[in-house]
């Protein structure tokens, strides 16, 4: 049964073809339809249009326009079957004059964890730095201790509640990392929890193996032995059980060196697991270079990024189908009080940029991409349109899902949300502090 959504005053993020993402000045453009309609079949968009035109089969547009004309004076309070010639043509839903946007894509999260780290929050207010806390066995290592002690069912229950909140704020695709296990058993436990979330929720969930998130205290004097454990014991089991879509490494000062990161990424290439890395959060530490050299899908954080790194990232997009997407995490900069990634110079250099929440218990307990959108505008000086593209089509590209999600186009998943906010492109990041989502739809179904 085809579903027809009408009563859309403005539909943002529309396109005629799947697979687009925006680079440089093109990030300032968000195409839209006014007085719009959207047609969905079997969870995919088959056509969409408005006053400005339509995308999809012309026969469908003519058919829809005929029915919309006839329904113009009606108020459909619940889905209504539209019949012509004894045949049900559409199940029609009048959304009541809302604006509609593509579902957000959160390409970097640490959603599965055992406990918040509010004590460290208070310590930082008192003057301690994130690095100092981590070096003393806090930070990620604190989260690892708590997670190792919690059973899988409890982890799943907590993570499911957080994921429901994310969806309620408009996120319909999410990447979730391991990395709070740091033992073979605990890393596998985390990834199995992510696997259970995939089965329990209709949204797209991508899993990332991040065994190289921190060096456990017992390996501090011989960190290469922990790298050996990640490569020789963790990675083979992750691959054998099909638990991960990507691999990640925290390449930074006090964590994993470029040489250690290179070893892990080359091992992942050998088993066919694409990579994404944490790079340059704490300094100019070579993360961008090792990411690009190994064809990583994205380099995330980038709070420290010089013109040299920007040039290297830009050059990575010169080959067809290539490119290491810069992913900025403004929630982390806000929460830790560290520099923001220099996304304005990146975009001005012609690069695409994605944004993500980095939702985690230590450095970014922010799960709403609406908040990330606002921070990108106020703190990083992105235009609202640039920031929306960064949390939709460009974020989809960071996961290599741009042919499936990130825009509203024929053939793509019908993942979207509605809002009563007028001129939502600008008012969602402007009115900070509440949830603008009215309804969230995944595969065309109300959540």
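The values are calculated or read from the model by the stated rules, or taken from the named source; none is laboratory data. Just so we're clear, the structure is a prediction, and the values are computed from it rather than from any experiment. For neighbour counting, all protein chains shown are included, and Cβ atoms are generated from backbone atoms with ideal geometry for every residue, glycine included.
Structure above, values below:
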item: Filter result for residue 47 (modelled with pLDDT of 75 or more, within 23 Å of residue 443 (Cα to Cα) and under 26 Å from the mean Cα position of the chain (by Cα)); result: yes
item: Looking only at segment 123-142, and only at residues there that are outside any helix (DSSP H, G or I) and without any contact (Cβ under 8 Å) to a residue 40 or more places away in the chain, the one that is nearest to residue 183 (Cα to Cα); result: 138
item: Candidates 392, 418, 427 - the one that is in contact (Cβ under 8 Å) with a residue 40 or more places away in the chain and not assigned by TED's automatic domain parsing to the domain that holds residue 342; result: 418
item: Single residue of 46, 17, 30 found to be touching a helix residue (DSSP H, G or I) at 6+ places or on another chain (Cβ under 9 Å) and assigned to a loop (DSSP other than H, G, I, E, B); result: 30
item: Test result for residue 272, farther than 22 Å from residue 112 by Cβ, modelled with pLDDT of 95 or more and not in a helix (DSSP H, G or I); result: yes
item: Top-ranked residue in segment 297-333 [being in a helix (DSSP H, G or I) and in contact with a strand residue (DSSP E or B) (Cβ under 8 Å, 6 or more places away or on another chain); ranked as farthest from residue 286 (Cα to Cα)]; result: 331
item: Residue satisfying condition, being over 21 Å from residue 259 (Cβ atoms) and out of contact with any strand residue (DSSP E or B) (no Cβ under 9 Å at 6 or more places or on another chain), within set 244, 240; result: 240
item: Members of segment 336-346 that are over 15 Å from residue 278 (Cβ atoms) and without any contact (Cβ under 8 Å) to a residue 60 or more places away in the chain; result: 339, 340, 342, 343, 344, 345, 346
item: Test: residue in segment 241-254 that is modelled with pLDDT of 95 or more, in the same structural domain as residue 357 (by TED's automatic domain parsing), within 18 Å of residue 301 (Cβ to Cβ) and out of contact with any helix residue (DSSP H, G or I) (no Cβ under 9 Å at 6 or more places or on another chain); result: yes
item: Residue 356 being surrounded by 24 or more Cβ atoms within 10 Å (Cβ to Cβ) and under 20 Å from the mean Cα position of the chain (by Cα); result: yes
item: Filtered residues of segment 206-227 (kept if surrounded by fewer than 20 Cβ atoms within 10 Å (Cβ to Cβ) and touching a helix residue (DSSP H, G or I) at 6+ places or on another chain (Cβ under 8 Å)); result: 216, 217, 219, 223, 224, 225
item: Flag for residue 413 being out of contact with any helix residue (DSSP H, G or I) (no Cβ under 8 Å at 6 or more places or on another chain) and surrounded by fewer than 22 Cβ atoms within 10 Å (Cβ to Cβ); result: no
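Okay, residues lined up against (1) modelled with pLDDT under 95; (2) outside the structural domain of residue 421 (by TED's automatic domain parsing); (3) not in a helix (DSSP H, G or I):
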{"residue": "116", "(1), (2), (3)": "yes, yes, yes"}
{"residue": "121", "(1), (2), (3)": "yes, yes, no"}
{"residue": "144", "(1), (2), (3)": "yes, yes, no"}
{"residue": "157", "(1), (2), (3)": "no, yes, no"}
{"residue": "164", "(1), (2), (3)": "no, yes, no"}
{"residue": "180", "(1), (2), (3)": "no, yes, yes"}
{"residue": "190", "(1), (2), (3)": "no, yes, no"}
{"residue": "195", "(1), (2), (3)": "no, yes, no"}
{"residue": "199", "(1), (2), (3)": "no, yes, no"}
